[in-house]
Structures are given as structure tokens and as C-alpha cells.
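Have a look at the structure below, then the notes.
The values are calculated or read from the model by the stated rules, or taken from the named source; none is laboratory data. Note that the structure is a prediction, hence the values are computed from the model and not measured. With ideal geometry, Cβ positions are generated from the backbone for all residues, glycine too; neighbour counts draw on all protein chains shown.
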Amino acid sequence: MSLVEQVDKEILTAMKAREGLRLSVLRMMKTALKHRQVEQGRALDDAQAHAVLRTLVKQRRESVEQFRKGGREDLASREESEIKILETYLPLAASDAEMHTAVAAAIAETGAAGAKDLGKVMKAAMAKLAGKNADGKRVSEIARANLEQ
């Protein structure tokens, strides 16, 4: 069963169980997936669907940060709850060790010498972490730290 089909099925389950927040998040997911499908003009495979969900998680994390800066803890906690629901549909997150290994391999592969090569390293590292839920911001931090040494 594809991720898109799974989301459709879960919407019905959430409706029957009267889970308001979960239903809201699932509908948002379905809308985002459908929007991407229309953009591409064809059905999404699971890798593309996961990319859409990672974007949604990233948006929520940015919102949490902004809400905390604005003193809106209630909205920040709602966004965090949405992130937890979204993450259940994503593959397991890459560990720090896996990210460090991918960055080290990318630096060796690209022959990066300094911060000016960060783009090359990020591209190679993210390719190595494809299929895993890797936070690009964290990978960038690791790459910067390794390149500055």
C-alpha cells in the first residue's frame, strides 16, 4: 500500500475515532500530497511522498521556533504535536553517527578543502542519506564543523 493510500485509509479511521488533531494533520497531508501530484501530473511514489512530508515537518519546526520567539507556547505545542503525527509516516531518522559517516565520506569523495565546498559536500552527503529521514540543517552543521577543522 502506497503512502497516499495509507493516508486515505487513516483519515477514515481518525474520523470514526473522532481524533480531531490527527484528522486535521491527515487532511493537511492529503492536501499537500495531492497538490504535488497535480504539479507533477502523475501519481507520486513513496520517495516523493516522503519528501513532501519532510517539507511539512520542516515548516512545522520553523513555526515552532517563531511561535516560541513570539511567546505563543500554546501554538508551539500544537505544532509539535503535528510534527509527532507527521513523523510516524516517515522512515526512521538517520542517527548522528550515520550523518557523521555520510559527511566524512562526502568530504573524502569530493575532495573538499574548506567552507567554500560546503555545497558539494551537502549534495553528496544528502545523496548518501537518501531514503532515511535526515535533517538537512543538522547535516549542514556537521559538514561545517568538519570543514572548519
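For the residues ALA106, ALA14, ALA47, the requirement of being within 18 Å of ALA134 (Cα to Cα) and free of Cβ contacts under 8 Å to residues at least 60 places away in the same chain singles out ALA106.
What are the residues in the stretch 127-139 that are among the small types (Gly, Ala, Ser) and surrounded by 15 or more Cβ atoms within 10 Å (Cβ to Cβ), if any? Walk me through it before giving the result.
If we filter the stretch 127-139 for residues that are among the small types (Gly, Ala, Ser), which is where we start, we get 127, 130-131, 134, 136.
The one that is among the small types (Gly, Ala, Ser) and surrounded by 15 or more Cβ atoms within 10 Å (Cβ to Cβ): ALA134.
Exactly one residue out of GLU98, GLU109, GLU65, GLU82 is closer than 27 Å to GLN6 by Cα and either over 12 Å from the mean Cα position of the chain (by Cα) or aliphatic (A, V, I, L, M) (or both), and it is GLU82.
Every residue in the stretch 127-149 that is in a helix (DSSP H, G or I) and of a type in the set (D, E, K, R), please.
Step one: of the stretch 127-149, the residues in a helix (DSSP H, G or I) are 127-128, 136-147.
Result: LYS128, LYS137, ARG138, GLU141, ARG144.
Out of GLU82, GLU73, GLU62, one residue alone is closer than 30 Å to ILE11 by Cβ, of a type in the set (Asp, Glu), out of contact with any helix residue (DSSP H, G or I) (no Cβ under 8 Å at 6 or more places or on another chain) and not assigned by TED's automatic domain parsing to the domain that holds ALA134. It is GLU62.
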